[in-house]
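Read through the structure below, which is laid out as structure tokens, and then see the notes.
Rule-based calculations on the coordinates, nothing more; no lab input. Keep in mind it's a predicted model, so treat the numbers as computed, not measured. Cβ atoms come from the backbone with ideal geometry, glycine included; neighbour counts cover every protein chain shown.
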Amino acid sequence: MKQIKVSIESAGLRLAGMLRVPEGPQGKPLPAIVVGHPAAGVKEQTAALYASRLTEAGFVTLTFDTATQGESEGQPRGVEDPARRVREFKDAVSFLLTQSIASVASVGVLGICASGGYCMPAAATDPRIRAVAAVSPVDIGTQFRVGADGQQDPAILQALLSQAAVARTAAAFGLAQGTLPLFPPDEETALQGGAHLHEGWAYYSTTRGQHPNAARAFAWQSVDAIAWFDAFRFVDLIAPRPLLMIVGDKAVTRWMAEEAIARALPPKELFVIDGASHVALYDEPAALAPAAARLIDFFRLALGTDQGDAHAQH
């Protein structure tokens, strides 16, 4: 495949992207897929794994670093703003549709973890997106409000919002704001936080998945930007375009996808991978292989020339 570094304009900022184009002569326009990375991740991690498999299967793919993270522009660094993330998906679609380097016939989106939530309102309000898929999808707003397992003490969110308010006042006075650490400093501390926190630490904080450009902390202003967000509120507006959600049966976040798919309208599918956890779907071969295979089949049908067939499934 050809890998081409690109720059995407979004809200006045330059987003660093990687365009992947299948090898060989391009006799006709190809379907394309925008692939988003998890919150605090970068385009070189799990997004690259999925994008590469999709490109090897014949799709043009585009991965990119979100604003204030990775190689993309934006200050302060480490701001996670769901409203901005939704717009970035739309701007990435616009980028694909205007590129002569890869003739694009149709566009789908794939989100992973938090971007699996962000791509839902993007697609719900942008009919240029003809198919939507998500791997280990999470509504980051729900996660901040009630926790990954839905059992979080409400006092935790209130404490985070209070600290975010302090940080905003400090910024108004030109003082240091501090940051919200995303991962424990060591494995022992991670284990004390439960299995979900530990598996995130094991991916992002070890040689397994860590990357020097990935965020280690969020700016405090991220908290109140995230707290109100509802990724799946308008998931029903995606229909009649096809929707696929892929989860591991052991994922602590599985319930979010189950609730979202219940609210969606056909054609829709919840594809469950036995034995997989939330983060296993990022890179573990036993989980990634069936997920990628299902995505390839899904996008081949959904982004093909016969959209009637795509809409007839499920």
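If you check Ala114 against the conditions, is it in contact with an Asp or Glu (Cβ under 7 Å, 6 or more places away or on another chain), surrounded by 14 or more Cβ atoms within 10 Å (Cβ to Cβ) and more than 21 Å from Asp297 (Cα to Cα)?
No; evaluated as a whole, the condition is false for this residue.
Give me a count of the residues in the range 52-68 that are surrounded by fewer than 23 Cβ atoms within 10 Å (Cβ to Cβ) and assigned to a loop (DSSP other than H, G, I, E, B).
Of the residues in the range 52-68, 3 are surrounded by fewer than 23 Cβ atoms within 10 Å (Cβ to Cβ) and assigned to a loop (DSSP other than H, G, I, E, B).
Only residues that are buried (at least 23 other Cβ atoms within 10 Å of the Cβ), assigned to a helix (DSSP H, G or I) and not hydrophobic (A, V, I, L, M, F, W, C): list them for the range 74-89, please.
Scanning the range 74-89 gives Pro82, Arg85, Glu88.
Taking into account only those residues within the range 117-160 that are more than 13 Å from Ile226 (Cβ to Cβ) and of a type in the set (D, E, K, R), which is surrounded by the fewest Cβ atoms within 10 Å (Cβ to Cβ)?
The selected residue is Asp153.
Just wondering, is there one or more residues in the range 136-147 that are part of a loop (DSSP other than H, G, I, E, B), of a type in the set (D, E, K, R) and in contact (Cβ under 8 Å) with a residue 40 or more places away in the chain?
Yes, the conditions are met somewhere in the range 136-147.
With without any contact (Cβ under 8 Å) to a residue 24 or more places away in the chain and not basic (Lys, Arg) as the only criterion, which of Ser100, Ser72, Ser106 stands out?
Ser100
Pull up the range 1-38, narrow it to residues that are touching a residue at least 24 places away in the same chain (Cβ under 8 Å) and more than 20 Å from the chain's Cα centre (by Cα), then point me to the one that is farthest from Asn213 (Cα to Cα).
Per the criteria, the residue is Lys28.
Of all residues in the range 31-47, which are within 16 Å of Ala92 (Cβ to Cβ) and surrounded by fewer than 21 Cβ atoms within 10 Å (Cβ to Cβ)?
Within the range 31-47, none qualify.
Assess whether Glu71 counts as being within 18 Å of the chain's Cα centre (by Cα), buried (at least 23 other Cβ atoms within 10 Å of the Cβ), part of a loop (DSSP other than H, G, I, E, B) and acidic (Asp, Glu).
no
Can you go through Phe234, Phe271, Phe229 and tell me which one is hydrophobic (A, V, I, L, M, F, W, C) and either surrounded by 21 or more Cβ atoms within 10 Å (Cβ to Cβ) or on the phi > 0 side of the Ramachandran plot (or both)?
Phe229
Enumerate the helices (runs of 4 or more DSSP H) found wholly within the range 198-294, keeping only those where 2 or more residues are free of Cβ contacts under 8 Å to residues at least 40 places away in the same chain.
Fully inside the range 198-294 and qualifying: 254-263.
Against the definition (surrounded by fewer than 18 Cβ atoms within 10 Å (Cβ to Cβ), on the phi < 0 side of the Ramachandran plot and assigned to a loop (DSSP other than H, G, I, E, B)), how does Gln163 come out, yes or no?
So Gln163 fails the test.
Tell me which residues, restricted to the range 176-225, are polar (S, T, N, Q), crowded, with 17+ Cβ neighbours inside 10 Å and under 22 Å from Gly150 (Cβ atoms).
Across the range 176-225, the qualifying residue is only Ser222.
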